[in-house]
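Worksheet: the structure to be examined is printed underneath.
Coordinate-derived values only; no laboratory data. Treat the numbers as computed from the prediction; the structure is a model and nothing was measured. Please note: Cβ atoms are built from the backbone with ideal geometry, for glycine as well, and neighbour counts cover all protein chains shown.
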Amino acid sequence: MRFGAVVTALLTFGAAAFSDDSTHAIAIRGEPALPADYTHFPYANPDAPKGGRIAYGVVGTFDTLNPFIVKGVRTTARGMWDPQFGHLTYEPLMQRSKDEPFTMYGLIAESVEFDENHTWIQFNVNPKARWSDGEPVTADDIIFTFQLFAQKARPPYSDRLKKVTLMEKVNDMSVRFTLTEDAGYEFPLILALMPVLPKHATDVETFDQTTFSEPVTSGPYTIKEIRPGERIVYERRPDYWARDLAVKRGFDNFDEISIEYFLSDSSQFEAFKKGAFDVYMEGNPVAWDRSYDFPAVERGEIVKEIFEEKTPAGMYGFVFNTRKPVFRNVHLRHALAMLFDFNWVNRTLFENAYERTESYFQGSELSSIGVPASDLERKLLAPFPGAVAPEVMEGLYRAAETDGSGRDRKIQRQAFQLLKKAGYSISNGKLLDAGGKQLSFEVMTQNIGQEKLALAYQRGLSALGIDMQIRTVDDAQYQQRTNSFDYDVIIKSYPSSLSPGVEQLGRWASQSRDIDGTYNYAGTADPTIDAMIDALLAARSKEDFVAAARALDRVLISGHYVVPLYYLPGQRVAYQSRLDHPEETSIYGYQLPTWWDSTAN
């Protein structure tokens, strides 16, 4: 197979001798928090004992070990490349610190070189880096991975070279990337997040096919056991090349990690109660208060703990698929959003445990809620008059506040006025379009919790004669339909960070609208959104960055692509008492790869 696209220059200057300008880390803005001689990340315990085991439980199935292809976008075995459980097998060029907004520290690439304007970056491979078969990691592996992904991987991995004008092999251990003018200030750090695959042990022809063949990788674990769709077990490599590096000190403490799969949330929780796995991330505050009265808790074998993170809450809600003609009218979407009675749902279903989400960067300085647009924001938005609603521009927008009755007539009247603007009228108790067809759509759900939310929403919509159907599907069908955008409305979460950036392209940009497997669930393709994302990626100063984030927030809020639901402060985790974790919690909350088994010898 021949690779094309970007030009690769082979400029070999001999043995690996890194420049005096190389550094151990790269930060999105300012300097890295940790010096070159740091000993460990602040949220890791460098003295954590090694040994023991941990078992995780998840709902779903898996049919491949390759997390980088379209066919495996949501059905890859957990743990292979996993931000929650850890990148157990594949590794990135550099490791992201979870205690800074966006800073990358050396891993496979032990150092980097870059210019002030971030127009190029050079990765220098650690001479100690080894594949699981003992072969060294080299510059050729990096180049091979980028070229392979450009041809056969899924977004966003397939897009990385689109913003690279030149990929140069400086020597056997160094690769330099020269970036396009529109790459953005964040892009060098995005390249540092890329995984690396072994050129000598990767079959190019079959790479885009699902597989259960164990790959050659560089990470801390190898696969011990596979039961397709049911269970995967990893065992720690005693010869792991990076185990003594500062970036890994206090990580990868378990000798064995297993991940158990379950068909539903209820079966997963019942299995946790019986000790089938060790850690349960609880997202339901009512269940947190009421459902943990089983014997293992009473005996002290299960610990309940709430971890406080310091990141934005992000967005969680019903997502309208604007690829569907019915959802292309913003007045319609706005009206439908108003008809979700959060106060009634929060009181009736959740005992008022939740807080209402209104911003895509909720609870941070990046949120536009309650803040009038600055001069910098207005300048960014000036070429797009009308893209932001006046009340949103002035910081006066708030989600519809109901009386909590579930039938707030004032809100219903306001929503109906918007529906009339969208061309709808009521006849015989049904909301009809200009052609006499009732407004009807389907919400696709994937579990009982989502189904309950949809039923509550259905109740509010029916009062205005809107026919909302609910279809709960199995995990395989859900993944297939979301990959191909075959739905009217789904319930999705958009996690946020203190450094939103290139992931916004996959969620909202025009370029991701028609590519299967992206996270553009709403089907947005708007030049205003594109321009705000571009400004976000290009921002160098904190002032410019905050302005771009708030401007993007205002555009998305004004577009009413999502019916905002709620968020729950704190991370609720129940776990076996033999497990332990570092005293310090990162700004992103608990980090499972830093936990350990306190009974390990």
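Just a few scattered comments:
- Label-to-label distance, residue 117 versus residue 307, with points set 7 angstrom from Cα along the beta-carbon direction: 4.1 nm.
- Relative frequency of Cα-Cα separations exceeding 23 Å in segment 363-487, percent: 56
- Segment 96-192: relative contact order as a whole-number percent, Cα under 8 Å and 6+ apart: 27
- Note on segment 315-567: with charges restricted to the Cβ of Lys and Arg (+1) and Asp and Glu (-1), its dipole about the Cα centre is near 760 debye.
- Stretching residue 425 away from residue 226 to a fully extended chain increases their span by 66.0 nm, per 0.36 nm per residue minus the current alpha-carbon distance.
- Cα-based reach from residue 224 at 20 Å (exclusive), listing lysines while leaving out same-chain residues under 8 positions away: 50
- Dipole-positive endmost among 476, 396, 446 within segment 374-492 (Cβ charges, Cα centre): 396
- Once both labels are positioned 7 Å from their Cα atoms along Cα-to-Cβ, the gap between residue 472 and residue 455 label points is 0.8 nm.
- Charged neighbours of residue 594, selected by a Cβ distance under 13 Å, balance to -3 (K, R count +1; D, E count -1).
- Subtracting the Cα-Cα distance of residue 151 and residue 347 from 0.36 nm times their residue separation leaves 65.5 nm of extension gain.
- Summary value for the chain: 21 percent relative contact order, contacts being C-alpha pairs under 8 angstrom separated by 6+ residues.
- The antiparallel fraction among DSSP beta bridges confined to the chain stands at about 75%.
- Cross-link check: pairs 274/492; 248/310; 248/273; 437/492; 98/304 evaluated at a Cα-Cα cut-off of 25 Å; pairs beyond the cut-off: 274/492; 248/273; 437/492.
- Long-range HN-HN contacts of residue 258 with modeled amide H, under 5 Å: 54, 55, 56, 234
- Placing +1 on each Lys and Arg Cβ and -1 on each Asp and Glu Cβ, with no other charges, gives the chain a dipole about its Cα centre of roughly 2120 debye.
- Beta bridges assigned by DSSP with both partners in segment 315-567 are antiparallel in approximately 65 percent of cases.
- Modelled FRET efficiency - R0 45 Å, residue 405 with residue 166, Cβ distances, 0.05 increments: 0.10
- Taking the centroid of alpha carbons for each part, segment 168-234 and segment 346-384 are 36 Å apart.
- Volume per residue of the C-alpha convex hull in the chain, rounded to whole Å³: 151
- Working from label points 7 Å from Cα in the Cα-to-Cβ sense, the residue 213 to residue 297 distance is 4.7 nm.
- Among 466, 557, a tally of other beta-carbon atoms within 10 Å of each Cβ gives an order, fewest to most, of 466, 557.
- The angle between the Cα long axis of helix 527-538 and the longest principal axis of the Cα atoms of the chain comes to about 30 degrees, rounded to the nearest 10.
- For the pair residue 394 and residue 578, the difference between a 0.36 nm per residue extended length and the Cα-Cα distance amounts to 61.0 nm.
- A helix-only calculation puts the chain at -6500 deg cm²/dmol for mean residue ellipticity at 222 nm, using -39500 (n - 2.57) for each DSSP H run of at least four residues, averaged over all residues.
- Given charges at Cβ of Lys, Arg, Asp, Glu: segment 315-567 dipole, positive-most of 406, 386, 370: 406
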